[in-house]
Amino acid sequence: MSKRTVRGATAWVTAVAALAAGLSGCGKESDGQSTAAATVAPSASASGEKKQDDGGQREFKTRDERYAEGWDGKVQVLGDGSTSYTGPQPNQPKPERLKPGEKPPQFVVFSWDGALEGDDHLFSHFREVAKDNNAKMTFFLSGMYLLPKSKSNLYRPPQHKPGEAAISYATDPHIKDTLEQLRGAWLDGNEIGTHFNGHFCGAKGGGDWSVAEWQSEVEQSYAFVENWKTNTGWKNLPPLPFDYKKELVGGRAPCLEGQKNLISVAKGFNWRYDASSPGDFQIWPSKTDGVWNFPLQLLPYPKSEKQVLSMDFNFLYNQSGDNTKGDPAKYAEWRKLTRDGYLNGFERVYNGSRAPLFIGNHFEDWNGGIYMKAIEDVVKAVCKRDGVRCVTFKQVADWLDAQDPKVLQQLRGLDPAQSPDWKTFVN
């Protein structure tokens, strides 16, 4: 498919994304209904050290100031004991530069917005799916999932009242379960990114926030993770095994809104990437103002000329509109259409340009859970194939940074389905 054809579908899919954003867009709520919780506390620094500027706002030092590349083998408990530094993350691939004549790996990223372990246990389930299929995944944590509802007034959302959120706060049992899954996920080699906090969309949401307001939201995203022991009072639970100031290198904004001002803030935190773009076609990534831009992507919707964004609620919208409980008689058909849509996008680049495939989802049960089942089908179908690497956004950024910029520029010039003579293309 030519660039012109794919680009022509962008406006249509973006409109669908905007309409679908009216759904909660963030998985399940802590009560087992639709979710997307957020929680906040005092501000946190990207380097662990805080200082006040003249306006009383916290400034952030570079994340690597506290830790050199080497590690002395000693666990360092940080702050109030909510987090700790336990050394470099385990189970991480070493990025290598493409050799002359080498075909690029086919990267596939499965990412999850919200990352709550609710009554459905989808967080823990997909951790096991990843293990069984040689995959790593990115979990975008809504920070307020670690803030008890009784402490909701600690959250100061931009343009909203203290404690207000567009999603539900998690129950205490769900906070504990989520902490357990975050520990395990990181040790497995998965990435813990951020979905920020209150999941505000539309008027007074991220698209309306200034740079200073995004700065506040990001600081609170750090703070809720770094201060969960103080906020919950659970002093006897073990700390998370990572330093969030060091590990957090990217996120996805709720409803894909506000990337322009968010990028300005992300640079101040030395983030490596942002996954908040409302969509583009399947080409090799580039940087926006020095930050890797990892958008949702336009995929060929089966049995039509449509292109649909690579996220569950966009498939939902094409099948049952804004109704998350559509006709059960159509569930099997919709599941197959969703699975085949993802696989269409995969096959196009796997046999073509080898551009990374980015997939975003929520832990949800829309239309009987068919979108969860479709994603599991896709993981099983692609992650063990020759040349495929199912990885995290952070790992994709690592690999891209290791490449010759001239080679990356060549790759960006390929149409998604265009397969060059790899023996001569990379030189």
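The values are calculated or read from the model by the stated rules, or taken from the named source; none is laboratory data. Computed from a prediction, not measured in an experiment: that's the story for all the values here. Here Cβ is always computed from backbone atoms with ideal geometry, including for glycine, and neighbour counts include all displayed protein chains.
Taking the condition within 30 Å of LYS74 (Cβ to Cβ), in contact (Cβ under 8 Å) with a residue 12 or more places away in the chain and either buried (at least 24 other Cβ atoms within 10 Å of the Cβ) or among the polar types (S, T, N, Q) (or both), does GLY258 pass?
On the way: within 30 Å of LYS74 (Cβ to Cβ): no; in contact (Cβ under 8 Å) with a residue 12 or more places away in the chain: yes; either buried (at least 24 other Cβ atoms within 10 Å of the Cβ) or among the polar types (S, T, N, Q) (or both): yes.
For GLY258, the condition - within 30 Å of LYS74 (Cβ to Cβ), in contact (Cβ under 8 Å) with a residue 12 or more places away in the chain and either buried (at least 24 other Cβ atoms within 10 Å of the Cβ) or among the polar types (S, T, N, Q) (or both) - is not met.
Here the stretch 378-427 is the region considered, the condition is being modelled with pLDDT of 95 or more and in contact with an Asp or Glu (Cβ under 6 Å, 6 or more places away or on another chain), and the residue that is surrounded by the fewest Cβ atoms within 10 Å (Cβ to Cβ) is LYS394.
Out of the residues in the stretch 141-160 that are in a helix (DSSP H, G or I) and small (Gly, Ala, Ser), which is nearest to GLU191 (Cα to Cα)? Working first, answer last.
First pass over the stretch 141-160, keeping only residues in a helix (DSSP H, G or I): 143-146, 149-154.
Right, trim to small (Gly, Ala, Ser) and you get 143, 150, 152.
Details: GLY143: 15, SER150: 29, SER152: 26 Å.
Looking at the filtered set, the residue picked out is GLY143.
Scanning the stretch 71-92 for residues that are surrounded by 14 or more Cβ atoms within 10 Å (Cβ to Cβ) and assigned to a loop (DSSP other than H, G, I, E, B) turns up GLY79, ASP80, GLY81, SER82, THR86, GLY87, GLN89, GLN92. If GLY118 meets every condition in (1) in contact with a Ser or Thr (Cβ under 7 Å, 6 or more places away or on another chain); (2) on the phi > 0 side of the Ramachandran plot apart from one, which number is that one? Evaluating GLY118 over (1) in contact with a Ser or Thr (Cβ under 7 Å, 6 or more places away or on another chain); (2) on the phi > 0 side of the Ramachandran plot leaves (2) as the failure. Residue-level check: of (1) of a type in the set (A, V, I, L, M, F, W, C); (2) crowded, with 23+ Cβ neighbours inside 10 Å; (3) in a helix (DSSP H, G or I), ALA355 misses just (3). With the structure loaded, tell me whether VAL379 is touching a strand residue (DSSP E or B) at 6+ places or on another chain (Cβ under 7 Å) and under 20 Å from HIS125 (Cα atoms) or whether it fails that test. Against the criterion (touching a strand residue (DSSP E or B) at 6+ places or on another chain (Cβ under 7 Å) and under 20 Å from HIS125 (Cα atoms)), VAL379 qualifies.
Looking at TYR371, TYR350, TYR331, TYR342, can you tell me which residue is surrounded by fewer than 18 Cβ atoms within 10 Å (Cβ to Cβ), at pLDDT 95 or above and either farther than 16 Å from PHE281 by Cβ or within 23 Å of the chain's Cα centre (by Cα) (or both)? It would help to see each step written out before you state the result.
Working: TYR371 fails: surrounded by fewer than 18 Cβ atoms within 10 Å (Cβ to Cβ); TYR350 fails: surrounded by fewer than 18 Cβ atoms within 10 Å (Cβ to Cβ); TYR342 fails: surrounded by fewer than 18 Cβ atoms within 10 Å (Cβ to Cβ).
Residue meeting the stated conditions: TYR331.
Taking into account only those residues within the stretch 232-249 that are surrounded by 20 or more Cβ atoms within 10 Å (Cβ to Cβ) and touching a Ser or Thr at 6+ places or on another chain (Cβ under 8 Å), which is nearest to MET137 (Cα to Cα)? Out of the qualifying residues, it is LEU248.
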